[in-house]
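The values are calculated or read from the model by the stated rules, or taken from the named source; none is laboratory data. All figures in this text were calculated on a predicted structure; none of them were measured in a lab. Note that we place each Cβ from the backbone using ideal geometry, even for glycine, and neighbour counts take in every protein chain shown.
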Amino acid sequence: MAERIAIFGGAFDPPHLGHQAACLYLLTTSEVDSVWWVPSLVHAFGKQMAPFEDRVAMCRLAVRHFDPARVLVSTVERDLPPPQCTVDTVDHLARQRPDRQLRVAIGSDNLDELARWKEIDRLRVLAPLLVVPRTGEIRAAAARPLLPQVASSEIRNRIAEGGDPRPFVDDAVAHFISERGLYRDRDGGAT
């Protein structure tokens with residue numbers, strides 16, 4: 001049987017407890033063998049982000065509680081020519097190992113943005129979508145567990161205002177953010 005992989009892409013700027021909850025949701029409610037966190041090298045819509053290597057390191061800290069055979073952090077976008085869009089990343093991964101069954105995991109809060117995604121119809125063929133329901137989203141079915149509404153932008157703002165991100169991020173991620181001086185300014189980078 002082909003390995004079934006959920007591609008969980010995003011800025012992860014920073015990765016937070018909502019991302020960890022989404023990963024757990026995928027592992028327990030979806031028919032997937034593993035979840036691959038895929039930090040974007042550049043943001044598809046041009047947003048500034050913390051350095052790629054810092055976001056990769058934070059993702060690795062965030063997934064350390066999961067079984068490493070089932071959850072990993074992929075740096076595939078580092079090796080792809082820009083701009084990298086989800087369809088390009090998934091196409092690359094599908095060509096690498098055509099024996100895998102790929103799915104793309106997205107939060108229900110991103111459904112309204114799908115029209116802006118590059119070649120969304122082709123992406124749905126390459127890797128059908130797995131929608132993770134989030135609190136506050138009307139589309140989320142009442143019978144399914146809803147994940148907390150945590151936003152990386154709010155965490156970045158909290159840090160820029162001198163607040164502690166710990167209620168929303170893993171302790172190791174919070175320590176990394178503090179140690180690296182990330183998000184101290186409103187642009188999201190180090191000061």
> Restricting attention to the stretch 48-64, which residues are touching an Asp or Glu at 6+ places or on another chain (Cβ under 8 Å), in a loop (DSSP other than H, G, I, E, B) and not aliphatic (A, V, I, L, M)?
Replying inline: Gln48
>> Out of everything in the stretch 1-50 that is hydrophobic (A, V, I, L, M, F, W, C) and touching a Cys at 6+ places or on another chain (Cβ under 7 Å), what residue ends up being nearest to Val173 (Cα to Cα)?
In response: Phe12
> Scanning the stretch 1-17 for residues that are touching a residue at least 60 places away in the same chain (Cβ under 8 Å) and under 13 Å from Thr86 (Cα atoms), which turns out surrounded by the fewest Cβ atoms within 10 Å (Cβ to Cβ)?
Replying inline: Ala11
> Residues of the stretch 78-92 being buried (at least 20 other Cβ atoms within 10 Å of the Cβ), part of a helix (DSSP H, G or I) and more than 13 Å from the chain's Cα centre (by Cα), which ones?
Replying inline: Val87, Thr89, Val90
>> Can you tell me which of (1) of a type outside the set (Lys, Arg); (2) farther than 26 Å from Tyr183 by Cα; (3) touching a strand residue (DSSP E or B) at 6+ places or on another chain (Cβ under 6 Å) is the one Val87 doesn't meet?
In response: (3)
> Out of (1) out of contact with any Lys or Arg (no Cβ under 6 Å at 6 or more places or on another chain); (2) closer than 30 Å to Pro167 by Cα; (3) β-branched (Val, Ile, Thr), what's the single condition that is false for Val90?
Replying inline: (2)
>> Quick check on this structure: which one of Pro128, Pro133 is touching a Pro at 6+ places or on another chain (Cβ under 9 Å) and modelled with pLDDT of 75 or more?
In response: Pro133
> Going by the structure shown, is Ala190 modelled with pLDDT under 95 and either in a helix (DSSP H, G or I) or more than 23 Å from Leu26 (Cα to Cα) (or both)?
Replying inline: yes
> Would a scan of the stretch 11-28 turn up a residue that is of a type in the set (Ser, Thr, Tyr) and assigned to a strand (DSSP E or B)?
Replying inline: no
